[in-house]
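What follows is a set of notes on a single structure, which appears directly below.
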Amino acid sequence: MEKLIETINVTKEFPVKKDWFGRTIEKLVALRDVSVYVKEGETLGVIGESGCGKSTLAKTILDLEKPTKGEIRYLGKNIRFLKGKEYRNYRLNVQAVFQNPQGSLNPRMKGWEIVTEGLKINYAYIKKELKEKARELIELVNLPLNALESYPHQLSGGQKQRLAIARAVALKPKLIVADEPTSALDVSVQAQIVNLFLDLQEKFGMSYFFISHSLPTVEAVSDRVIVMYKGYVVEEGRTEDVISSPLHPYTKLLVESTPVPQIGLKKKRVISTDDEKVPESGCPFYFRCSYRKKECLSFDMKPIVVENGRKVACLLFS
Ligand SMILES: Nc1ncnc2c1ncn2[C@@H]1O[C@H](COP(=O)(O)OP(=O)(O)O)[C@@H](O)[C@H]1O
Ligand SMILES: [Mg+2]
């Protein structure tokens, strides 16, 4: 299968403090040398705690943020150099669903206008055709037909997210970047939305770049996962491999601290000393790691290939 989207050594720095002359004197590194890909038809799950760089990575893939270093490739081509029709083709084929449906839907537009906005902009449909398309889309995402004439505030959180999903699917994209699409919803509707993503993929065969901080959610939807920590991809592999035998000590911590679904009890938690402290060099997980050695402070965090398709950025495996 072809690589639909690929990031090549992507680093993203944000200036957080500038001097009198506008020169950056303090920067925050949100992504560090990130190289990941999504193949056609597959779901790549992205997991890691808040602030580790998941949304920033999603935004670089969507061309909403420019990498400071490295490049984003769509079907093998650097998106920076895509022009005219080729760039438009990339934008149509890479759609997004964000965490907060409230913020991503225009409050002054009715449901049918929201889901067909992309179609209206990109194709010469007349109003009657758009309304027909809207009806199909609304049914596709299991919304009641009255959602066509409703404004976002008249819909529940789950219904709004269905609308956002319908809008993304309307353009028959090859990839949907879903940034924590269930995190803002009531627990009772989260599973329904996850199932909707799965149904749509079965129908249309598109790929997902699926971000979640919930391991069970990522487990349910992903073929492969990447685990991020402080801007690094610390582990990558097939979902079942990563979850059944996590290699990186941070992945171990994530897996072991995930509640057991049936009884809602937490499993034993591995030591977590000083969550915020990060060493000046080497592995950023150092202070939280139960396996740490002095050498970790000079480890350069390059992913090590441990077996086919499985990588881990940890000195223990070098
Ligand atoms: N526009 C921005 N300006 C400055 N810092 C930012 C900006 N966007 C994100 N960051 C910082 O980059 C880091 C990664 O953020 P983000 O990608 O949103 O993480 P996540 O989605 O995993 O929670 C965080 O420390 C965040 O504060
Ligand atoms: Mg985020």
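The values are calculated or read from the model by the stated rules, or taken from the named source; none is laboratory data. All values derive from a computational prediction rather than experimental measurement. Using ideal geometry, Cβ is built from the backbone for each residue, glycine included, and neighbour counts are taken over all protein chains shown. Keep in mind that these areas ignore ligands, DNA and RNA; they rest on the heavy atoms of the full protein, side chains included. Shrake-Rupley method; radii C 1.70, N 1.55, O 1.52, S 1.80 Å.
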Taking segment 217-260 and the residues there that are open to solvent by less than 20 Å² (accessible area, probe 1.4 Å), assigned to a strand (DSSP E or B) and of a type outside the set (A, V, I, L, M), the one that is nearest to Arg32 (Cα to Cα) would be Tyr229
Can Ile61 be described as in the same structural domain as Tyr229 (by TED's automatic domain parsing), within 16 Å of ligand 2 (Cβ to nearest atom), closer than 25 Å to Ala170 by Cβ and not acidic (Asp, Glu)?
yes
Is one or more of the residues making up segment 265-272 outside any strand (DSSP E or B), open to solvent by less than 70 Å² (accessible area, probe 1.4 Å), at pLDDT 95 or above and in contact with a helix residue (DSSP H, G or I) (Cβ under 7 Å, 6 or more places away or on another chain)?
no
Which of the numbered conditions does Met301 fail, given that it passes all the others? Conditions: (1) at negative phi; (2) of a type in the set (A, V, I, L, M, F, W, C); (3) away from ligand 1 (no atom under 16 Å from the Cβ); (4) modelled with pLDDT of 95 or more.
(1)
Do the conditions hold for Gly45, that is, is it closer than 21 Å to Glu180 by Cα and within 16 Å of ligand 2 (Cβ to nearest atom)?
yes
Given (1) at negative phi; (2) within 16 Å of ligand 2 (Cβ to nearest atom), where does Gly51 come up short, assuming only one miss?
(1)
Considering only residues that are within 16 Å of ligand 2 (Cβ to nearest atom) and touching a residue at least 12 places away in the same chain (Cβ under 8 Å), which ones fall in segment 64-82?
Glu65
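Which one of Val169, Val227, Val177 is among the aliphatic types (A, V, I, L, M) and in contact with an Asp or Glu (Cβ under 7 Å, 6 or more places away or on another chain)?
Being among the aliphatic types (A, V, I, L, M) and in contact with an Asp or Glu (Cβ under 7 Å, 6 or more places away or on another chain) holds for just one of Val169, Val227, Val177, which is Val227.
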Which condition number does Tyr208 fail, the rest of (1) in a helix (DSSP H, G or I); (2) of a type in the set (Ser, Thr, Tyr); (3) at pLDDT 95 or above being met?
(1)
Within segment 37-71, restricting attention to residues that are aliphatic (A, V, I, L, M) and within 16 Å of ligand 1 (Cβ to nearest atom), which residue is most open to solvent (accessible area, probe 1.4 Å)?
Leu64
Given the criteria on the phi > 0 side of the Ramachandran plot and either acidic (Asp, Glu) or not assigned by TED's automatic domain parsing to the domain that holds Leu198 (or both), does Asp33 qualify?
yes
Within segment 57-143, helices (runs of 4 or more DSSP H) holding 3 or more residues that are within 23 Å of Ala184 (Cα to Cα):
101-104, 111-115, 127-140
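Okay, residues lined up against (1) under 21 Å from Glu219 (Cα atoms); (2) not β-branched (Val, Ile, Thr):
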residue: Pro152; (1), (2): no, yes
residue: Ile165; (1), (2): yes, no
residue: Gln190; (1), (2): yes, yes
residue: Asp199; (1), (2): yes, yes
So the check is Cβ under 9 Å with 6+ separation or different chains; which pairs have a first residue in segment 101-128 that's open to solvent by 60 Å² or more (accessible area, probe 1.4 Å) and a second one that's among the aliphatic types (A, V, I, L, M)?
Gln102/Ala184; Asn106/Ile114; Glu113/Leu130; Glu113/Ala134; Glu117/Met109; Glu117/Ala170; Lys120/Leu130; Tyr125/Leu119
Looking at Asn89, Asn122, Asn106, Asn146 in this structure, which one is under 30 Å from Ser214 (Cα atoms) and not acidic (Asp, Glu)?
Asn106
Residues that are out of contact with any Leu (no Cβ under 9 Å at 6 or more places or on another chain) and open to solvent by 50 Å² or more (accessible area, probe 1.4 Å), drawn from segment 72-95:
Arg73, Gly76, Lys77, Arg80, Phe81, Lys83, Gly84, Lys85, Glu86, Tyr87
Scanning for something under 17 Å from Val225 (Cβ atoms), in a loop (DSSP other than H, G, I, E, B) and open to solvent by 20 Å² or more (accessible area, probe 1.4 Å), does segment 16-36 turn up at least one residue?
yes
Cross-chain or 6+ apart pairs with Cβ under 6 Å, segment 165-186 first and more than 18 Å from Leu62 (Cα to Cα), then within 16 Å of ligand 1 (Cβ to nearest atom) and of a type outside the set (Ser, Thr, Tyr)
Ser183/Gln99; Ala184/Gln99; Ala184/Asn100
